[in-house]
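The values are calculated or read from the model by the stated rules, or taken from the named source; none is laboratory data. It should be emphasised that the depicted structure is a prediction, and the values quoted were computed from it without experimental measurement. When the accessible area is computed, the model is the full protein with side chains, heavy atoms only, and any ligands, DNA or RNA have been set aside. Shrake-Rupley method; radii C 1.70, N 1.55, O 1.52, S 1.80 Å.
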Amino acid sequence: MIVTLADQGKDLISSAGAAGARRGAGRLALLRQLKVQAQSEQVSLRDYLHQQGITNIQSLWLVNALAFRATPAQIASIAAMPVVASITLNGTVSAPVAPPATSPAATLQSLVATTVSWNISAVNAPALWNLGFTGQGVVVALLDTGVDYAGNPDLQAKWRAQGGWFDPYGTSTTPNDYAESSQDPDFGHGTAAAGLILGGNGVGVAPGAEWIAAKIFEQGSSTTNYSAIH
């Protein structure tokens, strides 16, 4: 289960202000404060869990929560604690399925198209491009299967390298994608999503944007859980 505590750091976020929550040193300081506050507030619940013989505890400090396994009786007693806001199942998440490797959306040729894709026209993106709005100055964060960096020059050029890739499984220091098929082993759902968001040549909605990404699913595995994503 995931037990979320009541204090979500709203006072800290409010004190930081909008600018502090978005920019460089101010944002980093806020994250550190949220982490310290969460660790402090989780002490009493951790102590109780240890008394109950529960030791495999994962701290999800960004949302001020703890993930662990417990019995129904223990869950009932934890739910009655004033500091607890909610208890949810630490459920399993399956990797989204990418387009078939033989489809136009799953080929590199689609990223060098000469015409605007139908879905891009449907949301009137070209009209915004003509006004000078292409997503420039925006950084899109992708939490998915990864992004095929090495095999996709268009997306490669738009990757913001500074802090731009997080692989919690330690398999790669540069972006890669979930192995989806033998025909195109580097093309997964994350690459498809990145292309639809900011691919060039009429493929993506915001071709002027940049991207960063985190690999939610371990290479070779199509499932993970909510606590891993947090």
(Q) Using only the heavy atoms of the protein chains and a 1.4 Å probe, how would His189, His230 rank by accessible area, largest first? (A) His230, His189
(Q) Amide H of Leu142 versus every other amide H placed in the peptide plane: which residues, excluding those fewer than 5 positions away on the same chain, fall under 5 Å? (A) Ile212, Ala213, Ala214
Q: Just reorder Glu41, Glu218 by solvent-accessible area, largest first, 1.4 Å probe, all chains present.
A: Glu218, Glu41
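Kindly sort Trp118, Trp211 by accessible area of their heavy atoms, largest first, with the probe set to 1.4 Å.
Trp118, Trp211
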